[in-house]
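Novice: Have a look at the structure that comes next, please.
The numbers here are math on the coordinates, done by the rules we state, and not lab data. Not measured: the values here are computed from a predicted model. In this analysis, Cβ positions are derived from the backbone assuming ideal geometry, glycine residues included, and neighbour counts consider all displayed protein chains.
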Amino acid sequence: MAGEQKNEEFRPLDEEDLLNYLPDVSYSECGADSDVEFAELVIEGKALPTKCPILDEKIAAAMEKVFKIELPSIGDTAPGRPVTPGIIKIGNPTPDSMVLINGNCHETISAIKLILEETNVDAFLLAVDSQSYSIDSAVTAGTFSPSEVYKSLGESGIANEVKHRKAILPGLCDPLAADIRRLASWDWEVKLGPVSALELPMFLIKTAQEA
């Protein structure tokens, strides 16, 4: 799994992250006394999610693969290489696939693509002009704005790619989420996703199952 990261968007998952996808039941069949202990064992590499019969099969498979992903070190301050703002297809998304929103930092987008492709999760990614800053620094620097997000949702053509109007913001966009929701409320339902992109595969699978 990813090692030490300066960029909070790609920090390693912890027990609290995994508990979002572990049912509150007995884990005796999985070699643990509780969901918390099982999460700890998964993080330590002492338990395999796919060997735990009480877990959802898709979520278990994604969780297991996430801990095998090796991400490069991604900075959190200096701008990265820019990506042309617009729609990026990850895997083979369909009109039912979720829309992710992020900045236009090449390093960030490449890492998200790697995470989702390695876990076999398809999605559309809408790259919004953040002056090529990663999300954690773009939010602080003001280079990722609610108005730019709203503009991208309207002008990118993403509405023609999907039959729903739901989009996911990075968890680090929490300070901007209310303003983005207010601007987009007539057209889109915008939700806040996880802070670490390593949680995205499980989050997207669970979101699709609950739709």
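Novice: What residue among SER145, SER137, SER34 shows peak mean-square fluctuation when the chain is described by a Gaussian network model with Cα springs under 10 Å?
Specialist: SER34
Novice: Could you tell me which Cys residues in the chain have no other cysteine's Cβ under 4.7 Å from their own Cβ, answering none if every one has a partner?
Specialist: Within the chain, the cysteines lacking a partner Cβ under 4.7 Å are CYS105, CYS173.
Novice: With Rg and the Kirkwood Rh both taken from Cα atoms, where does Rg over Rh land for the chain?
Specialist: Ratio value, two decimals: 0.98.
Novice: Just need the relative contact order of the chain here, percent rounded to a whole number, with Cα pairs under 8 Å and 6+ apart.
Specialist: 22
Novice: So how tilted is helix 200-210 from the main axis of the chain? Cα-based, degrees 0 to 90, rounded to 10.
Specialist: Between helix and principal axis, roughly 90 degrees.
Novice: Roughly what % of Cα-Cα distances in segment 86-210 sit above 16 Å, to the whole percent?
Specialist: 57
Novice: To the nearest 10 degrees, how steep is helix 57-66 against the longest Cα principal axis of the chain, on a 0 to 90 scale?
Specialist: 80
Novice: Turning to a different aspect of this structure: Hey, what's the Kirkwood Rh for segment 91-161 if you take every pair of different alpha carbons, in angstrom?
Specialist: It works out to 12.7 Å.
Novice: Contour minus end-to-end for ASN20 and SER185, with contour as 0.36 nm per residue of separation and end-to-end as the Cα-Cα distance?
Specialist: Values: separation 165, 0.36 × 165 = 59.40 nm, distance 2.66 nm.
Extending this stretch completely gives an extra 56.7 nm.
Novice: Normalising by the residue count of segment 8-66, find the relative contact order in percent from Cα pairs under 8 Å and 6+ residues apart.
Specialist: 26
Novice: Per 0.36 nm of contour for each residue apart, how much would the distance between LEU48 and LEU114 grow if the chain were fully extended, relative to their Cα-Cα spacing?
Specialist: Full extension of this stretch gives 21.6 nm more.
Novice: While we're on this one: Can you list residues whose amide H is under 5 Å from LEU192's amide H, if they're 5+ apart or on another chain and H is modeled 1.01 Å from N?
Specialist: LEU169
Novice: If you don't mind, there's one more thing I want to ask. For LYS163, list the aspartates and glutamates whose Cα falls under 18 Å from its own Cα; do not include residues on the same chain fewer than 8 positions away.
Specialist: ASP96, ASP122, GLU155, ASP187, GLU189, GLU210
Novice: A follow-up question, please. Between segment 159-175 and segment 81-116, what's the alpha-carbon centroid distance in Å?
Specialist: 12
Novice: Please give me the summed charge of the neighbours of SER145: other residues whose Cβ is under 11 Å from its Cβ, Lys and Arg +1, Asp and Glu -1.
Specialist: Residues near SER145 contribute -2 overall.
Novice: Here is a further query. Any idea what % of Cα-Cα pairs in segment 1-118 are farther than 26 Å?
Specialist: 32
Novice: I've got another one for you. Could you run the Debye sum over the Cα atoms of segment 8-66, one equal point scatterer each and no solvent, and tell me log10 of I(q)/I(0) at q = 0.17, 0.24, 0.26, 0.27 Å⁻¹, two decimals?
Specialist: Here the Debye-derived log intensity ratios amount to -0.48, -0.96, -1.14, -1.24.
Novice: Angle, helix 146-155 long axis vs. longest principal axis of the chain, Cα atoms, 0 to 90°, nearest 10?
Specialist: The angle comes out at about 80 degrees.
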